[in-house]
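The values are calculated or read from the model by the stated rules, or taken from the named source; none is laboratory data. Everything quoted here is computed from the prediction, not taken from an experiment. Note: ideal-geometry Cβ built from the backbone for every residue, glycine included; neighbour counts use all protein chains shown. All accessible areas refer to the heavy atoms of the entire protein, side chains included, with ligands and DNA or RNA removed. Shrake-Rupley method; radii C 1.70, N 1.55, O 1.52, S 1.80 Å.
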Amino acid sequence: MPLAIFDLDNTLLNGDSDHLWGVFLSEQGIVDGDWYERENDRFYQEYKEGRLDIFEFLRFSLKPLSEHSPTQLKQWHQAFMREKIEPILLPAGRALVERHRTAGDTLMIITATNAFVTAPIAAAFGIEHLLATEPEMIEGRYTGEVAGTPCFREGKVTRLNQWLAQHQQDLAGSTFYSDSHNDLPLLNRVAHPVAVDPDDTLAQHAREQGWPIITLRQ
């Protein structure tokens, strides 16, 4: 069964779940609103410009997870899903996922956003396989550190290669949908790269390579 791989933020979602989680934390008064909002916006801009220091960002974004119990975090995440995520689930994204499901493909989301934020979103799409940046957890609590390789840029290739080896699969016939030039390392590895509502850098590269360019924002 060929892999159908989907980026999440600004691909299947009409927005960025990582950035929106920071917005949610600020709005709820869970973090120092003004400072946190400025830093959250700064990191998001650096991501879009292709100059994000992923480890600096993860020290920032994972710290709130370490300051609260998993029970409290789960409650907040349920509200986050209702308020921030459900309104940006793209119907055309759901339809695309279902076409691949009907075709019998193996469905996967691969995202730089951490697994605490994204696991319930992957479940909302009915996608079992999620490769995301993993927050470290020790004795039932998040530490604020990252476990293993962040699932970002070349790290997505590393994490996917590990998954392929574990599941005795390969990239024959694989498709990867993404909006971001940060995903070029993986887009260049799959059999069928597809640019979805791409940023300017990815759009230019896709045109030069003859890759399909599609929109899910109908």
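Hull volume per residue, based on the alpha-carbon atoms of region 136-198 and their convex hull, is 108 Å³. Multiplying the residue separation of ALA79 and GLU27 by 0.36 nm and subtracting their alpha-carbon distance yields 17.5 nm. Taking the Cα centre of the chain as reference, the dipole from Cβ charges on Lys and Arg (+1) and Asp and Glu (-1) amounts to some 580 debye. Rounded, prolate or oblate: which fits the chain, taking a ≥ b ≥ c as square roots of the Cα gyration tensor eigenvalues, rounded meaning a/c under 1.5, else prolate when a/b beats b/c? Since a/c reaches 1.5 and a/b is larger than b/c, the shape of the chain is classed as prolate.
For the chain, the longest principal axis of the C-alpha atoms and the axis of helix 70-80 are separated by about 60°.
Taking Cα atoms only, the orientation of helix 33-48 departs from the longest principal axis of the chain by about 20 degrees. Dipole of region 1-126 (Lys/Arg Cβ +1, Asp/Glu Cβ -1, origin at the Cα centre): which of ALA92, LEU3, ALA122 lies farthest to the positive side? It is LEU3, whose Cα lies furthest towards the positive end. The modelled label-to-label distance for the pair SER69/GLU145, using points 7 Å beyond Cα in the direction of Cβ, is 2.5 nm. Note on region 116-184: with charges restricted to the Cβ of Lys and Arg (+1) and Asp and Glu (-1), its dipole about the Cα centre is near 60 debye.
Surface exposure of region 1-127, expressed per residue as accessible area with a 1.4 Å probe, stands at 43 Å².
The modelled label-to-label distance for the pair ARG189/GLN218, using points 7 Å beyond Cα in the direction of Cβ, is 3.1 nm. Pairs LYS48/LYS156; LYS84/LYS156; LYS48/LYS84: which are spaced more than 23 Å apart, C-alpha to C-alpha? Over 23 Å apart, Cα to Cα: LYS84/LYS156.
A simple spin-label model places pseudo-atoms 7 Å from Cα toward Cβ; at PHE60 and ALA124 they are separated by 2.4 nm. Short-range pairs are left out: with C-alpha atoms under 8 Å and at least six residues apart, the relative contact order of the chain is 25 percent. For region 34-135, the square roots of the Cα gyration tensor eigenvalues, ordered a ≥ b ≥ c, give a/c of at least 1.5 with a/b greater than b/c, which places it in the prolate category. Between the helical axis of 154-167 and the longest alpha-carbon principal axis of the chain there is an angle of about 70 degrees.
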